[in-house]
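**Student:** Have a look at this one before I ask anything.
The values are calculated or read from the model by the stated rules, or taken from the named source; none is laboratory data. Note that this is a predicted model, so its numbers are computed, not measured. With ideal geometry, Cβ positions are generated from the backbone for all residues, glycine too; neighbour counts draw on all protein chains shown.
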Amino acid sequence: MNHEIEAKIKIVALDPVAEKLKQFEAKFLHDVLQTDTYFMDTNKLLRENDCDLRIRREIIGNEFSALITFKGPQADGKFKNRAEYETAIADAEIGMKIFESLGYHKTIVIEKKRTMWLLDGCEVCLDELPELGCFVEIEGPDEDIISGVLKKLGLHNEPHISHGYAAMMSRKLKQE
């Protein structure tokens with residue numbers, strides 16, 4: 001996907017949302033462990049321009065994979081809306097060495113457990129992050145469809161979070 005539109009909601013517990021997904025016969029995709037390593041350039045232009053650069057390592061069952069992702073600045077809209085370019089790489093460690101050789105440095109590492117579902121053309125992710133808590137991310141083709149899924153799941157009146165996990169974790173670490 002070259003563009004992402006997503007809603008992110010902080011919740012107390014994942015199980016009630018998982019039960020609603022089952023009630024609506026959402027398709028369970030898989031459980032995944034993700035480790036996201038974020039990078040920044042020396043001049044902090046990525047941050048200044050509201051962009052992210054990361055390498056994601058995933059473990060699904062016994063399968064390991066890695067992705068490079070660039071996220072552009074957020075556009076206006078009801079939900080988080082931005083360009084996203086992502087591609088698989090064979091070796092996350094080599095990818096990190098390439099980024100570091102180009103002058104990027106690691107800023108933060110985020111680990112999360114994610115359960116992925118498909119409902120009404122939207123990817124619904126139930127995320128658990130050790131330091132931040134539980135979240136639901138709904139990514140879909142447009143705001144109306146995402147709004148419909150939020151309503152089905154009883155989350156349509158909950159506040160939306162426009163920041164990514166890296167920004168949330170950075171703020172948390174600065175407070176400690």
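**Student:** Scanning for something over 26 Å from Pro159 (Cα atoms) and either of a type in the set (Phe, Trp, Tyr) or modelled with pLDDT under 95 (or both), does region 10-25 turn up at least one residue? Give the steps one after another, and end with the answer.
**Tutor:** Taking region 10-25 and keeping what is over 26 Å from Pro159 (Cα atoms), we get none.
No - not one qualifying residue is present in region 10-25.
**Student:** Among the residues in region 13-29, are any in contact with a helix residue (DSSP H, G or I) (Cβ under 6 Å, 6 or more places away or on another chain), closer than 29 Å to Leu150 by Cβ and among the charged types (D, E, K, R)? Let's see the steps before the verdict.
**Tutor:** Filtering region 13-29 down to residues in contact with a helix residue (DSSP H, G or I) (Cβ under 6 Å, 6 or more places away or on another chain) leaves 24.
Adding the requirement that they be closer than 29 Å to Leu150 by Cβ leaves 24.
Then drop every residue that is not among the charged types (D, E, K, R), which leaves none.
Among the residues of region 13-29, not one is in contact with a helix residue (DSSP H, G or I) (Cβ under 6 Å, 6 or more places away or on another chain), closer than 29 Å to Leu150 by Cβ and among the charged types (D, E, K, R), which makes the answer no.
**Student:** Among what's in region 69-111 and is free of Cβ contacts under 8 Å to residues at least 40 places away in the same chain and hydroxyl-bearing (Ser, Thr, Tyr), pick the residue that is surrounded by the most Cβ atoms within 10 Å (Cβ to Cβ).
**Tutor:** Result: Thr69.
**Student:** Return a yes/no flag: does region 149-170 have any residue that is in a loop (DSSP other than H, G, I, E, B) and among the charged types (D, E, K, R). Explain how you work it out, then say what you get.
**Tutor:** Narrowing region 149-170 to residues in a loop (DSSP other than H, G, I, E, B): 153-164.
When the remaining residues are screened for being among the charged types (D, E, K, R), the result is 158.
Yes: one or more hits.
**Student:** What number of residues within region 28-68 are touching a residue at least 12 places away in the same chain (Cβ under 8 Å), farther than 20 Å from Glu93 by Cβ and aliphatic (A, V, I, L, M)?
**Tutor:** Within region 28-68, residues that are touching a residue at least 12 places away in the same chain (Cβ under 8 Å), farther than 20 Å from Glu93 by Cβ and aliphatic (A, V, I, L, M) number 1.
**Student:** Answer with yes or no whether Lys97 is modelled with pLDDT of 95 or more and either touching a His at 6+ places or on another chain (Cβ under 9 Å) or assigned to a helix (DSSP H, G or I) (or both). So that I can check it myself, show each step before the final result.
**Tutor:** Details: modelled with pLDDT of 95 or more: yes; either touching a His at 6+ places or on another chain (Cβ under 9 Å) or assigned to a helix (DSSP H, G or I) (or both): yes.
Considered against the rule, which asks whether it is modelled with pLDDT of 95 or more and either touching a His at 6+ places or on another chain (Cβ under 9 Å) or assigned to a helix (DSSP H, G or I) (or both), Lys97 comes out as yes.
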